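Down below is the structure, laid out as structure tokens.
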Amino acid sequence: MGTLKNGMFAGLKTTWTLSKVIFPITLIVVILQYTPVLPWIIDIITPFMGLLGLRGEAAIPLVLGNALNLYAGIAGILSLELTVKEVFILATMLSFSHNIFIETGVALRVGVKLWVVLVVRFGLAIMSAIIINLLWKGGGEVAKYGALQVSQKVPDGWGEIVLLGLQKATFGVVQLALIVIPLMIIIQFLKDRNYLQKFSEKLAPFTKVIGVQSNASLTLVAGLVIGLAYGAGVMIQAVQEDGVSKKDATLVFIFLVACHAVVEDTLIFIPLGIPIWPLLLIRLITAFVLTIVVAFVWRKAGQSKHKEVVVS
């Protein structure tokens with residue numbers, strides 16, 4: 001009962017904290033749609049967004065997601081009428097690049113260089129969007145956000161505009177609660193049963209596959225289960241106490257950029273009406289391939305440098 005109570009409390013607390021971001025942002029974005037401000041910004045950004053398979057206004061959730069977090073990005077998506085393909089592209093981009101300020105700070109504390117963080121995160125986001133846009137010819141139908149739908153008729157006057165904004169904002173918070181509260185109960189269960197440490201021990205052999213030492217496994221598990229931001233304390237402590245090298249910390253971070261908070265960051269996209277299994281597979285495959293390639297190149301570069309030193 002203690003686990004359930006603590007998890008429920010943590011879920012409600014997290015929902016309340018995040019709703020203070022989602023509710024006002026959704027309300028503001030909906031209102032801005034019916035003012036000259038947003039169309040002006042959209043006209044400027046549209047040419048670049050077209051390369052990503054997105055309309056200009058899709059820049060809103062991208063900016064919100066990167067400046068704040070995934071929930072803010074989702075709030076931006078909920079305020080727009082987009083196709084399934086556009087929402088999927090946005091979800092993939094935001095999976096790779098979100099909460100950039102906080103999570104970059106975590107990476108720097110762990111010992112990862114700033115340029116690596118920015119190149120990997122923004123590079124993966126942009127490349128994934130371009131590839132999906134070129135390869136996927138379907139997804140042209142309008143995305144349906146969750147079970148409850150807010151009326152899409154054009155509002156008449158400021159009263160209806162504000163009411164529509166309030167409806168969408170409330171809807172976003174309800175959807176958030178349905179995902180976050182059960183998730184926090186599960187995380188609390190993992191903490192109370194010490195499963196995080198057990199997962200770390202089981203994962204130690206797997207770390208060799210991606211080219212890092214076994215002492216980096218706890219850092220990897222923390223990021224995979226809790227996320228870069230939520231797992232920051234665990235990750236930093238693991239790096240300091242377990243003697244993880246800067247090379248291994250960088251490789252683990254590269255893996256986690258593509259695939260962190262694997263449960264939460266996948267489930268929260270369910271209300272957006274997109275296929276989540278392909279999203280999860282894209283993140284996993286990208287994480288494996290990118291990390292293994294970087295580790296291989298890094299190792300070869302180290303061997304070449306060592307040979308040069310020996311010859312000289």
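Span-like helices, the chain: DSSP H, alpha-carbon axial extent 24 Å or more, mean Kyte-Doolittle 0.0 or greater, which ones? Walk me through the numbers on the way to the answer.
Details: long enough: 2-32 (44 Å, 1.15); 114-135 (31 Å, 2.36); 157-192 (52 Å, 1.43); 276-311 (52 Å, 1.13).
Those that clear 24 Å and a mean of 0.0 are 2-32, 114-135, 157-192, 276-311.
Of Val112, Gly11, Gly159, which is farthest along the charge dipole of the chain in the positive direction, counting Lys and Arg as +1 and Asp and Glu as -1 at C-beta?
Val112
Which order do the peptides 94-100, 50-56, 254-260, 188-194 come out in when sorted by mean C-beta neighbours inside 10 angstrom, highest first?
Details: 94-100: 23.7, 50-56: 17.9, 254-260: 25.3, 188-194: 14.4.
Ranked from most to least packed, the peptides come out as 254-260, 94-100, 50-56, 188-194.
What does the charge count around Ser95 come to, taking other residues whose C-beta lies under 13 Å from its C-beta (Lys +1, Arg +1, Asp -1, Glu -1)? Kindly include the intermediate steps, with their values, before the conclusion.
Numbers: positive: Arg121, Arg283; negative: Glu103, Glu264, Asp265.
Computed value for this residue: -1.
Rounded to the nearest Å, what's the spacing between the alpha carbon centres of the stretch 1-75 and the stretch 155-198? Just the number, please.
Here the two parts' Cα centres lie 13 Å apart.
Probe of 1.4 angstrom, ligands and nucleic acids ignored: what's the accessible area per residue over the stretch 1-128, in square angstrom?
On the way: 5580 Å² over 128 residues.
On a per-residue basis, the stretch 1-128 sits at 44 Å².
Taking amide H positions as placed in the peptide plane 1.01 Å from N, state which residues far from Thr83 in sequence (5 or more) or on other chains have amide H under 5 Å from it.
Here the answer is Ala143, since their amide H atoms fall under 5 Å of that of Thr83.
Would you mind calculating the gained length between Val63 and Ile186 on full extension (0.36 nm times residue separation, minus the Cα-Cα distance), in nm to one decimal? Let's see the in-between values first.
Values: separation 123, 0.36 × 123 = 44.28 nm, distance 3.02 nm.
Difference between extended and current length: 41.3 nm.
The values are calculated or read from the model by the stated rules, or taken from the named source; none is laboratory data. These figures come from a predicted structure and were not determined experimentally. In this analysis, Cβ positions are derived from the backbone assuming ideal geometry, glycine residues included, and neighbour counts consider all displayed protein chains. SASA here: full protein model, heavy atoms, side chains in, ligands and nucleic acids out. Shrake-Rupley method; radii C 1.70, N 1.55, O 1.52, S 1.80 Å.
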